[in-house]
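J.: Sharing a structure below in structure tokens format, with a few things to ask.
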Amino acid sequence: MPKYFFSVLLALFLCLSCNERLAYSDYKAINNGEWSSVDSIGFEFSEVDSIQPYNVFIHIRNDNNYQFSNLFLIAELESPEGTTQKDTLEYRMAEPNGKWLGKGLGSIKENKLWYKENIVFKDSGVYKITVTHAMRKNGDVEGLNLLRGVTDVGLQIEKNTQ
């Protein structure tokens, strides 16, 4: 009886945890938590409704090796026909007192960051989104070659139901 009970409980949990709005979700691990400025993190997706509006989020997981209170990213969205939209994005990662924003227990925090709101992917085919960090230290002209403390980068696309 206990095995049956736990199986039913697990199945119920999985059904309840499904997100009906979720259209795409993927994560890429950063090698040793050191993100090179020349390494773009790429995501590809194609199975989206051409009429439905979506919200697109970039997920960042960081640990205590991350030295900054903000994060600058360059995000590029390439449509199946080859047109590209390039955005420079800035996100707050910590409070002024140094307390990490985001969710998570222990040393890893995950931040769900807005990228695109209410976007419609009109063309059929494969869309590509690439994300690159654009961090630099205050007063430095040159950007950081290695950004330490980012462990994973993710992309999530949800149906906008409003």
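J.: Using the beta-carbon distance between I74 and R21 and R0 = 30 Å, what value does 1/(1 + (r/R0)^6) give for FRET efficiency, to the nearest 0.05?
T.: Working: r = 27 Å, r/R0 = 0.90.
Once rounded, the FRET efficiency stands at 0.65.
J.: Which is farthest toward the positive dipole end of the chain among I119, W100, V131, measuring Cα position about the Cα centre, with Cβ charges +1 (Lys, Arg) and -1 (Asp, Glu)?
T.: The residue sitting farthest along the positive end of the dipole is W100.
J.: Still on this structure, please answer the following. Could you give the accessible area per residue of the chain, probe 1.4 Å, as a whole number in Å²?
T.: Working: 10320 Å² over 162 residues.
Accessible area per residue: 64 Å².
J.: Averaging the inverse of every distinct alpha carbon separation and then flipping it gives the Kirkwood radius. What is it for the chain, in angstrom units? Working shown, then result.
T.: Details: mean 1/r = 0.0569 Å⁻¹.
Result for the chain stands at 17.6 Å.
J.: Which peptide among 26-36, 134-144 comes first, and what is the full order, when sorted by highest mean count of other Cβ atoms within 10 Å?
T.: Numbers: 26-36: 15.1, 134-144: 11.3.
The most tightly packed comes first, giving 26-36, 134-144.
J.: Along the Cα→Cβ direction, 7 angstrom out, place labels at E110 and Q162. What is the inter-label distance in nm?
T.: The answer from the label model is 2.3 nm.
J.: Where the accessible area of the chain is counted over protein heavy atoms with a 1.4 Å probe, how much of it, in %, is carbon and sulfur? Can you show the working numbers first?
T.: Details: 5220 of 10320 Å².
Carbon-and-sulfur percentage of accessible area, whole number: 51.
J.: Pop the C-beta distance of E47 and N118 into the FRET formula with R0 = 22 Å and round what comes out to the nearest 0.05.
T.: 0.70
J.: Could you check the simple spin-label distance between D152 and D87, using points 7 Å along Cα→Cβ, in nm with one decimal?
T.: Once both label points are built, they end up 2.2 nm from each other.
J.: Next question. For the chain, set up a Gaussian network in which alpha carbons nearer than 10 Å are linked by springs, and say which option among E117, E81, E44 fluctuates the most.
T.: Residue with maximal mean-square fluctuation among E117, E81, E44: E81.
The values are calculated or read from the model by the stated rules, or taken from the named source; none is laboratory data. This is a predicted model, so every value here is computed, not measured. Using ideal geometry, Cβ is built from the backbone for each residue, glycine included, and neighbour counts are taken over all protein chains shown. In case anyone asks, the SASA skips ligands and DNA or RNA and just uses the protein heavy atoms, side chains included. Shrake-Rupley method; radii C 1.70, N 1.55, O 1.52, S 1.80 Å.
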